[in-house]
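The values are calculated or read from the model by the stated rules, or taken from the named source; none is laboratory data. Here the structure is a predicted model, which means the values were calculated and not measured. With ideal geometry, Cβ positions are generated from the backbone for all residues, glycine too; neighbour counts draw on all protein chains shown. Note: accessible area is taken over every heavy atom of the protein model, side chains too, but ligands, DNA and RNA are not part of it. Shrake-Rupley method; radii C 1.70, N 1.55, O 1.52, S 1.80 Å.
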Amino acid sequence: MSSKERPTLGGTRIKTRKRNIAAPLDPAAFADAVVQIYLDNAGDLEMLGAKMLGLNINADANLCNIGNGFPIYCHVVFTGGRTQPGTTKPDEGERHPYSIIDCEPTREIILPSVIYTQKILRRKPFLIKNLENVMRRFLQSLELFEENERKKLAIFTALAFSQKLSGLPPETVFQPLLKDNLVAKGIVLSFITDFFKEYLVDNSLDDLISILKRGKMEENLMEFFPSAKRSAEGFSEHFSKEGLIPLVEYNEKKIFEVKLKEMKSALTTQIAEEADMSEVIDTVKQRVKDAKLPDIEIVRILWDVLMDAVQWSGKNQQQNANSALRQVKTWAQLLNTFCTNGKLELELLYKVQMQCYEDAKLMKLFPEIVRSLYDQDVLAEDTILHWFRKGTNPKGRQTFVKALEPFVNWLEEAEEEE
């Protein structure tokens, strides 16, 4: 026996495993078979689903090749039959009147198609890629549909996410929409508006934001708008007219947060570089004017930026006190410029209270910081007394009131002498 030959048992026969030989798919025959089931059963989706899944032993042989035929099934469900390549125009062959684009644009009529597509995908999860490809082609070809047909497609898409259609990723829907020609014609904006309105019927704004994040569109909602309308005002005007007020408020909040972040970043840079006081004040005034930021937020940002710029010591309490008081003294004019009334002064005092409460190394510095702000004419006597007697923020209040009591007693005695 050659050393390369494998030993075999005498008299044994090696049987070749029989393989299923799949007949090549005939797209036309497959589509006609699906249409015929619709016609035979008056649009009964239960029967269609059973035959597509092979649950019915009498199912047409053409439907056995569901893996390759699922995209065709989707086209028949959407359009009612075969379509000419690259268009939505009917092709030869039978058609049925129960398709999504032929029905009324209501969730009650479209929802059953979503549910039975879901049933097929649960039994045959490998088909989700086929659905993704079909959805992508439809969405990239929105201009081929009539306006009311696009609305039906938007309702179907929203219901697909609302029903958590097995594994359909949001980027499959949102990314194909960003074709320049579709955006420029306003087709995308109309589609996405119908999508938002339908999705929010059964879901919260947080749910919508979640799928936008997964689809990498949360930060890019403006890209759905034609360039001429791509502004915060255009966004608010459009979605307010459509009754999507929560979405408008969410976007305004996002814009507000971005403006605050940009201002804080600019101030941090200027203070770190020890810019001239007048230059910093001018920067703040200009950003307040451009971004229309409220005075209370300005006071909060100023204090955060000033304290973030301090080089704190991990152990030396006296060094921390000196650093904080030096920072207050250095930038007192900046704080004074924007703490223009008792309400804003009180807001600054609450901000100091919160920082000292949340940062253990600053806990004992509260009375010294308040005294320094008083000495620099940032906080008025009336503001300090109001906080001491009627302050509403409970965080660490009992401790801070006790620590500030000697200073308050001094203020009250001075007031009585006058």
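I need the GluC sites (Glu not before Pro) found in the stretch 257-287, filtered to DSSP loop residues with at most 15 other beta carbons within 10 Å of theirs. Those satisfying the criteria are GLU273, GLU274. If the Kirkwood radius is taken over C-alpha pairs of the stretch 311-413, then at 4 °C and 1.567 mPa s the Stokes-Einstein diffusion coefficient equals 93 µm²/s.
Seen from LEU335, the other residues with C-beta closer than 11 Å to its C-beta sum to a net charge of 0, counting Lys and Arg as +1 and Asp and Glu as -1. Extending 7 Å from the Cα toward the beta-carbon at both ILE109 and ALA291 defines two label points whose distance is 4.9 nm. Hey, what's the stretch 333-404 come to in accessible area per residue, 1.4 Å probe, Å²? So the stretch 333-404 comes to 50 Å² accessible per residue, rounded to a whole number.
Subtracting the Cα-Cα distance of VAL258 and ALA29 from 0.36 nm times their residue separation leaves 76.8 nm of extension gain.
Note that the stretch 161-314 presents 51 Å² accessible area per residue, ligands and nucleic acids not counted, probe 1.4 Å.
Of all aspartates and glutamates in the structure, the ones whose alpha carbon falls short of 12 Å from that of LYS216, not counting any fewer than 8 places away in one chain, are GLU171. Label sites at ASN336 and ASN181, each approximated as a point 7 angstrom past Cα along Cα to Cβ, lie 6.5 nm apart. The simple Förster model, with R0 at 60 Å and r as the Cβ-Cβ distance, assigns ARG123 and SER265 a FRET efficiency of 0.70.
Close amide H pairs (under 5 Å, H built 1.01 Å from N) link LEU379 with TYR374, residues at least 5 positions away or on another chain.
When the P(r) is computed for the stretch 245-395, the part past 23 Å accounts for 39% of the Cα-Cα pairs. Separation of the stretch 268-325 and the stretch 188-263, taken as the distance between their Cα centroids, equals 33 angstrom. For VAL310 and GLU233, a Förster radius of 35 Å and the Cβ-Cβ distance give a FRET efficiency of 0.35, rounded to the nearest 0.05. Here the label points at ASP206 and GLU381, each 7 Å from Cα along the C-beta direction, are separated by 4.9 nm in the simple model.
Here the accessible area is traced with a 1.4 Å probe on the protein chains. For the stretch 261-418, carbon and sulfur cover 45 percent of it.
The simple Förster model, with R0 at 35 Å and r as the Cβ-Cβ distance, assigns GLU94 and SER190 a FRET efficiency of 0.65. Computed on the Cα atoms alone, the convex hull of the stretch 99-241 gives a volume of 108 cubic angstrom per residue.
In vacuum, with every alpha carbon of the stretch 138-193 counted as one equal point scatterer, what does the Debye formula give for log10 I(q)/I(0) at q = 0.28, 0.29, 0.30 Å⁻¹? Two decimals, please. For the stretch 138-193, the Cα-only Debye profile gives -1.22, -1.28, -1.33.
Checking the Cα-Cα distances for LYS253/LYS343; LYS197/LYS253; LYS119/LYS151; LYS197/LYS292; LYS329/LYS364 against a 26 Å cut-off, the pairs over it are LYS197/LYS292. Rounded if a/c is under 1.5, else prolate if a/b beats b/c, else oblate: with a ≥ b ≥ c from the C-alpha gyration tensor eigenvalues square-rooted, which is the stretch 164-256? Since a/c reaches 1.5 but b/c is at least a/b, the shape of the stretch 164-256 is classed as oblate.
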